[in-house]
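> I'd like to ask you about the structure that follows.
The values are calculated or read from the model by the stated rules, or taken from the named source; none is laboratory data. Given the structure is predicted, the values throughout are model-derived calculations rather than measurements. Glycine gets a Cβ as well: all are built from the backbone with ideal geometry, and neighbour counts include every protein chain shown. SASA here: full protein model, heavy atoms, side chains in, ligands and nucleic acids out. Shrake-Rupley method; radii C 1.70, N 1.55, O 1.52, S 1.80 Å.
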Amino acid sequence: MWLEGLLTALQPVNILFLILGTIFGLIIGALPGLGPLFAVALMLPLTYGMNPATAIILLAAVHAATAYGDSFASILINTPGGVGSVASCWDGYPMTQKGQAGVAMGISTLGSFLG
């Protein structure tokens with residue numbers, strides 16, 4: 001079953017929707033005040049006619065990318081988009097005020113990648 005799931009995930013249409021979901025999630029996540037729940041709810045009507053595996057891949061990509069994109073506004077302008085990025089406001093924004101925004105963004109990127 002693991003191999004079948006991997007082969008399903010690696011189909012070209014699923015990779016395409018993974019990339020599109022990631023791009024959409026980053027854009028929505030970077031907007032202040034809009035979090036992962038908003039992005040997933042916005043994309044949900046588009047998934048009704050899709051293959052179930054493709055729809056889940058799209059929604060998971062949107063959710064994960066939005067959770068990462070939330071850190072942009074949290075770190076740079078101290079406005080969290082969702083509840084998961086409040087800690088980025090506490091640690092990242094003071095670093096931005098000290099001129100270390102790039103370091104804070106790098107730490108956020110590394111944390112999201114490892115997560």
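> Could you check how many residues of the stretch 65-83 are in a helix (DSSP H, G or I), open to solvent by 60 Å² or more (accessible area, probe 1.4 Å) and in contact with a Ser or Thr (Cβ under 9 Å, 6 or more places away or on another chain)? If you could, list the steps in order and put the result at the bottom.
First pass over the stretch 65-83, keeping only residues in a helix (DSSP H, G or I): 65-77, 83.
Filter once more, so that each one left must be open to solvent by 60 Å² or more (accessible area, probe 1.4 Å): 76-77, 83.
Add one more test, that the residue is in contact with a Ser or Thr (Cβ under 9 Å, 6 or more places away or on another chain), and what stays is 76-77.
The qualifying residues number 2.
> State yes or no: is residue 3 at pLDDT 90 or above, assigned to a helix (DSSP H, G or I), over 14 Å from the mean Cα position of the chain (by Cα) and at negative phi? Even if it seems obvious, please write down each step before you answer.
Numbers: at pLDDT 90 or above: yes; assigned to a helix (DSSP H, G or I): yes; over 14 Å from the mean Cα position of the chain (by Cα): yes; at negative phi: yes.
The answer is yes for residue 3.
> Those residues that are among the polar types (S, T, N, Q), in contact with a helix residue (DSSP H, G or I) (Cβ under 7 Å, 6 or more places away or on another chain) and under 19 Å from residue 19 (Cβ atoms), I need them from the stretch 56-115; list them, please.
Hits for the stretch 56-115 are 66, 112.
> Here is a further query. Go through the stretch 32-57 and give me each residue that's free of Cβ contacts under 8 Å to residues at least 40 places away in the same chain and more than 29 Å from residue 74 (Cβ to Cβ).
Of everything in the stretch 32-57, those that are free of Cβ contacts under 8 Å to residues at least 40 places away in the same chain and more than 29 Å from residue 74 (Cβ to Cβ) turn out to be 48, 49, 50, 51, 52.
> Could you list all residues from the stretch 1-45 that are over 17 Å from residue 81 (Cα atoms), small (Gly, Ala, Ser) and surrounded by 11 or more Cβ atoms within 10 Å (Cβ to Cβ)?
Hits for the stretch 1-45 are 9, 21.
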